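For reference, the structure is listed below as structure tokens.
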Amino acid sequence: MARVGVFVCFCGANIADFVDVPTVVEEAKKIREVKFAVDYKYMCSDPGQQMIRDAIVQYRLTSIVVAACSPRMHEKTFRKALSDAGMNPYLLEVANIREHSSWVHQKDKKAATEKAGDLVRMAVAKSIANEQLHEISVPVTKRALVIGGGIAGIQAALDIADARIPVTLVERSPSIGGRMAQLDETFPTLDCSQCILTPKMVDVASHPYIELIPYSEVIELNGYVGNYKARIRKKASYVNFKSCTGCGACWQKCPVKVPNEYNMGIDKRKAIYTPFPQAVPNKPVIDAEHCTMLLKGKCGICAKFCEKGAIDFKMVDEVIEREIGAVVVATGYDLWDATPYEEYGVGRYKDIINSLEFERMVSANGPTGGLPIRPSDGKVPKSVVFIKCVGSRDKAKGIEFCSKICCMYTAKHAILLHHKVHDSRAYIFYMDIRAAGKGYEEFVNRAQVETGAVYLRGRVSKIYQKGDKLMVRGEDGNLGQEVEVEADLVVLATAIVPYKENPALARLLGISYDKYGYLSEAHPKLRPVETAKAGIFLAGCTQAPKDIPETVAQASACAAKVCGLFAGDTMKKDPMVSTVNKEFCSGCQNCVTVCPYQAIVTEDIPLGHGAKETRTVAKINEGVCQGCGSCVAICRSMAINLAGFTDPQIINEIVAI
Amino acid sequence: MKKVSYFPGCSAHGTSEEFDETVKMVMKTMDVEMEEIPDWNCCGATSAHTLSESLAYALPLRNLVLAEKLSNDTMTIPCASCYQRMKATKVHMDEDPELAARINTAVVGEGKYEGKVAIKSMLQYCYEDMGLEAIKAKVTNPISGMKLACYYGCLLTRPKAITQFDSPEYPMSMDYIVEALGAKATPFDFKTECCGASFSISDTDIVLQLSGKILEMAKESGAHAIVVACPLCQSNLDMRQHDIEKKYNVKYDLPVFYLTQLMAIAFGFPKEKMMFSKHIIPVDSALAHIGEVIEEPKKPVKGKKAVQAESEVE
């Protein structure tokens, strides 16, 4: 005879305001198998849990029902309470009377109370059929894969490797460094971006626990947490890195000029190139799309000048495999293309640039030697208009979110402009100044006071050309009037958007992404670095726009998560997984098709005892199975059973109401 | 021969007769027969939609229902404001069945609106239905030598959700058409700025200021004249030009043509038929540029190698 204990929670006022909790307790007591029922203000608190532990012993309970919030919130808490009292934790059922009743039926307390009673009856009925289950142990491959070699990927890789866990860092471009390597100085302290970044880049290259694979991409990921297998395509560099000394003779002699991505296309690089002088690894690659030798079979000048004979035009892409246990995704951001701002004449006027172009110009190692210039005539601008929120916070143009970092870097740009061109003036059109961060508000004040930057609160409605000036017409909301500023140069703080191939990467990894292409975290507040897929973590702007300190913090958090995952030799996993009854399985393989986790394969078993003939049946990898139950629903011969959600349990629930 | 319905609107039968006349010439040349909507009524213009939503939809709707009785699949409208009201009614009725049912009752005596007629401004019809190639093919008297600032005003391409045509901020369709006629369209940043519209009557100073800016920028772009496809734009820029010149002590002398006037000239119709006498700013100085050779500023010559695949070889 089952002996069920029912524990109904007030959840402060969350439940009690809309559900008559004592009535629910009284209803529960009417059920034959319920030997004990009680309410309490906060069941998840320690005294609440103690009530459960005591009742288990005192009333010799065989299963427990907690009527409270969603099981997503506290199922683990209550399971632990059961274990502590010596009871199998899977004999717990949670009746969700908060999200499923009190919160959604706030206008009808009577109905909400009745529904809560029904939910409790169902949970009691189900718990009677609960079986003792035991956590599954899965072996772990202790190697992490980090995708993306910007500051997020670098930090995550270094932190994981410092815990003596091997890391494979995959970077799509020829060098690690990412966006941060393109920045001049960083807010709010104006320390040189390169100076603080390049030591970390060198650390990555020399770390005994880091395997750096530049100029490559992840093309496949199979398996499950702790046991992933990644396939990585190493793009042909046409340069043998082992013999190359990085002397530079090749790119000095290469006759082909290509727009330089590192300098945002302001100047040219060669077809054989390293992205920038501090590149790691400091070895050139040949850009196959532009190399005359690779395109037409003529030239080969680089090979002639390479004393080491490191150039190999016959090199081909190579696919390598790595077994890994966890993945950190850090693919970074791009700037939104502002062409839809036709009223600004984006694309028509050369002297409208974006913030990264300005960043490259004022950078000491930039294409203009650290001076901002007008692309139209090369003159140094005296009057520069900065426009914030170009694309961001603009529903009409498709991006509703705030790009977060533009307020700060625009303040920085005003200061840098002042440092480089003393007799210049910055005009900044803004919607709001969002300077929440340590030292940020002070930094914006500094920009205003120290440089005399003119902050104009209002949107720019139009930019037009008059002579060689750009006329920027906007609103000064503080004065309530229209203003026109004569500008030599206009810098747009365009929205931050995720790396354009994020959706494809997300599909490849089996994780989700939002409508903008940002990869989705498992919980916006409590699980901000995990994805919904176990063992895959997010760092940096691939998840949402963020600045360097936040990116570094998130990367370190990823590292902590990875280290935690790898702390034991095996991993524990919930036992709510499907199993196939081979006797009943007809081998239709419908379950293989519907399984969203590729957890089901087929196997051949003898047709009968000792028979040579075989038949095909489904086989479920319990390490991969997430217990969604799709296979149970599709199975025509009812051969699949999902632990924790067996047919008797479900039928009991239905019968109870 | 292609046949379209035609909604002239009040101005085409009055102040912008020269628009109406030249539209007819252009359509004839392009082998398009126009069938005027019988018993059409006022579109409601600015007045109706500032007073009553129902009236603002009901007035154009009656015209739409009448247009559906003709067997043509398209209705063209020369006036930008009429076009805007008709198209807005169509778009909103098509998107919102509840509104459609409600407004339909107002015109129930004329029949039921079914939404089967496409509505196009004259500019849109020229650009989309005639096409640049066909227009070019009919040009017998190219107007090359003329530099023209194409002014679209506020209603021909905006709001985008209604017009669903060209760019709302920097449209190019008219520019392409005048270039097909042989002229040169100047880069003109004020092509969709507000001219002041009907404030011309109630608060003329606003129009002097706004239209003055448009004239100034058109002049600065190097244009000999302005081209429009809207009667009110024409009236404000042309009729108020002397007042503007006087107020700001400047001299623009920029004739304001209807697009169809220039098309008709290019198609070989005699100048005398264009009703230029109705213009305030004389057009002769601008037309005198026809046949001149425009010197293009020299562009740096690119080596042939440079053209390949973004890369360039030294």
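The values are calculated or read from the model by the stated rules, or taken from the named source; none is laboratory data. Computed from a predicted model, the values in this text were never measured in an experiment. Note: ideal-geometry Cβ built from the backbone for every residue, glycine included; neighbour counts use all protein chains shown.
Scanning segment B:138-151 turns up one or more residues that are closer than 10 Å to B:Lys191 by Cα, under 11 Å from the mean Cα position of the chain (by Cα) and of a type outside the set (Asp, Glu). Return yes when A:Pro375 is crowded, with 19+ Cβ neighbours inside 10 Å, at pLDDT 95 or above and part of a loop (DSSP other than H, G, I, E, B) and no when it is not. Taking the combined requirement at face value, the residue does not satisfy it.
What tally of residues in segment B:245-280 results from selecting those that are out of contact with any helix residue (DSSP H, G or I) (no Cβ under 8 Å at 6 or more places or on another chain) and hydroxyl-bearing (Ser, Thr, Tyr)? The total comes to 1. The residue of segment A:254-284 that is farthest from A:Ser243 (Cα to Cα), among those that are away from chain B (no Cβ under 13 Å) and among the aromatic types (Phe, Trp, Tyr), is A:Tyr262. Taken over segment B:198-223, the criterion of being under 27 Å from B:Tyr176 (Cβ atoms), more than 10 Å from chain A (Cβ to nearest Cβ) and crowded, with 22+ Cβ neighbours inside 10 Å is satisfied by B:Ser211, B:Ile214, B:Leu215, B:Ala218, B:Ala223.
Any idea which residue in segment A:549-601 is modelled with the highest pLDDT, counting only those that are loosely packed, with under 14 Cβ neighbours inside 10 Å and of a type in the set (Ser, Thr, Tyr)? Only one residue tops the list, namely A:Thr593. Inspect segment B:108-116 for any residue being surrounded by 15 or more Cβ atoms within 10 Å (Cβ to Cβ) and in contact with a helix residue (DSSP H, G or I) (Cβ under 6 Å, 6 or more places away or on another chain) and give the result as yes or no. Yes; the residues of segment B:108-116 include at least one that is surrounded by 15 or more Cβ atoms within 10 Å (Cβ to Cβ) and in contact with a helix residue (DSSP H, G or I) (Cβ under 6 Å, 6 or more places away or on another chain).
When the criteria are applied in full, B:Val256 meets the requirement of being under 20 Å from B:Leu123 (Cβ atoms), touching an Asp or Glu at 6+ places or on another chain (Cβ under 6 Å) and in the same structural domain as B:Cys150 (by TED's automatic domain parsing). Filtered by the rule that a residue be over 26 Å from A:Ala544 (Cβ atoms), more than 14 Å from every other protein chain (Cβ to nearest Cβ), out of contact with any helix residue (DSSP H, G or I) (no Cβ under 7 Å at 6 or more places or on another chain) and not in a strand (DSSP E or B), segment A:313-350 gives A:Lys314, A:Met315, A:Val316, A:Asp317. Looking at segment A:243-308, the helices (runs of 4 or more DSSP H) lying wholly inside it that each contain 1 or more residues that are polar (S, T, N, Q) and surrounded by fewer than 18 Cβ atoms within 10 Å (Cβ to Cβ) sit at A:249-253. Just one of the listed residues (A:Gly246, A:Gly226, A:Gly300) is in contact (Cβ under 8 Å) with a residue 60 or more places away in the chain and at positive phi, namely A:Gly226.
For segment A:486-493, check the following and say yes or no: at least one residue is within 14 Å of another protein chain (Cβ to nearest Cβ), surrounded by 23 or more Cβ atoms within 10 Å (Cβ to Cβ), under 21 Å from A:Lys404 (Cβ atoms) and touching a strand residue (DSSP E or B) at 6+ places or on another chain (Cβ under 6 Å). Checking segment A:486-493: not a single residue is within 14 Å of another protein chain (Cβ to nearest Cβ), surrounded by 23 or more Cβ atoms within 10 Å (Cβ to Cβ), under 21 Å from A:Lys404 (Cβ atoms) and touching a strand residue (DSSP E or B) at 6+ places or on another chain (Cβ under 6 Å).
Only one entry of A:Thr168, A:Thr186 meets the criterion of being polar (S, T, N, Q) and in contact with a helix residue (DSSP H, G or I) (Cβ under 7 Å, 6 or more places away or on another chain), and that entry is A:Thr186. B:Glu21 falls short on exactly one of the conditions (1) surrounded by fewer than 22 Cβ atoms within 10 Å (Cβ to Cβ); (2) touching a Cys at 6+ places or on another chain (Cβ under 8 Å), and that condition is (2). Taken over segment A:587-636, the criterion of being in a helix (DSSP H, G or I) and out of contact with any strand residue (DSSP E or B) (no Cβ under 7 Å at 6 or more places or on another chain) is satisfied by A:Asn590, A:Thr593, A:Val594, A:Ser630, A:Ala633, A:Ile634.
Does A:Ile463 satisfy the condition of being within 20 Å of A:Ala338 (Cβ to Cβ), crowded, with 24+ Cβ neighbours inside 10 Å, touching a strand residue (DSSP E or B) at 6+ places or on another chain (Cβ under 9 Å) and more than 14 Å from chain B (Cβ to nearest Cβ)? So A:Ile463 does not fit the description; no. Note on segment A:449-465: residues that are assigned to a strand (DSSP E or B) and either farther than 19 Å from B:Glu193 by Cα or not small (Gly, Ala, Ser) (or both) amount to 9. Under the condition of being buried (at least 19 other Cβ atoms within 10 Å of the Cβ) and in a loop (DSSP other than H, G, I, E, B), the residues counted in segment B:41-55 number 2.
Within the bounds of segment A:541-554, is there any residue that is touching a Lys or Arg at 6+ places or on another chain (Cβ under 6 Å), under 18 Å from A:Gly223 (Cα atoms) and not small (Gly, Ala, Ser)? Checking segment A:541-554: not a single residue is touching a Lys or Arg at 6+ places or on another chain (Cβ under 6 Å), under 18 Å from A:Gly223 (Cα atoms) and not small (Gly, Ala, Ser). Only one of the listed residues (A:Arg446, A:Arg434) is surrounded by 16 or more Cβ atoms within 10 Å (Cβ to Cβ), without any contact (Cβ under 8 Å) to a residue 40 or more places away in the chain and in a helix (DSSP H, G or I). That residue is A:Arg446. Inside segment B:167-183, residues that are touching a residue at least 40 places away in the same chain (Cβ under 8 Å) and either within 14 Å of chain A (Cβ to nearest Cβ) or buried (at least 20 other Cβ atoms within 10 Å of the Cβ) (or both) make up a count of 7. Go through the residues of segment A:159-167 one by one and say whether even a single one is crowded, with 24+ Cβ neighbours inside 10 Å and more than 17 Å from the chain's Cα centre (by Cα). Yes, segment A:159-167 contains at least one residue that is crowded, with 24+ Cβ neighbours inside 10 Å and more than 17 Å from the chain's Cα centre (by Cα). Is it fair to say A:Ile31 is touching a helix residue (DSSP H, G or I) at 6+ places or on another chain (Cβ under 7 Å), buried (at least 21 other Cβ atoms within 10 Å of the Cβ), in contact (Cβ under 8 Å) with a residue 60 or more places away in the chain and not assigned by TED's automatic domain parsing to the domain that holds A:Glu321? No: the conditions fail for A:Ile31. Total residues in segment B:135-166 satisfying the condition of being more than 23 Å from B:Ala183 (Cα to Cα), surrounded by 18 or more Cβ atoms within 10 Å (Cβ to Cβ) and either acidic (Asp, Glu) or within 14 Å of another protein chain (Cβ to nearest Cβ) (or both): the figure is 2.
Within segment A:93-125, being free of Cβ contacts under 8 Å to residues at least 60 places away in the same chain and either closer than 17 Å to A:Ser45 by Cα or polar (S, T, N, Q) (or both) holds for A:Val94, A:Asn96. Elements of the type strands (runs of 3 or more DSSP E) sitting completely within segment A:1-99 and holding at least 1 residues that are among the aromatic types (Phe, Trp, Tyr): these cover A:4-9, A:34-40.
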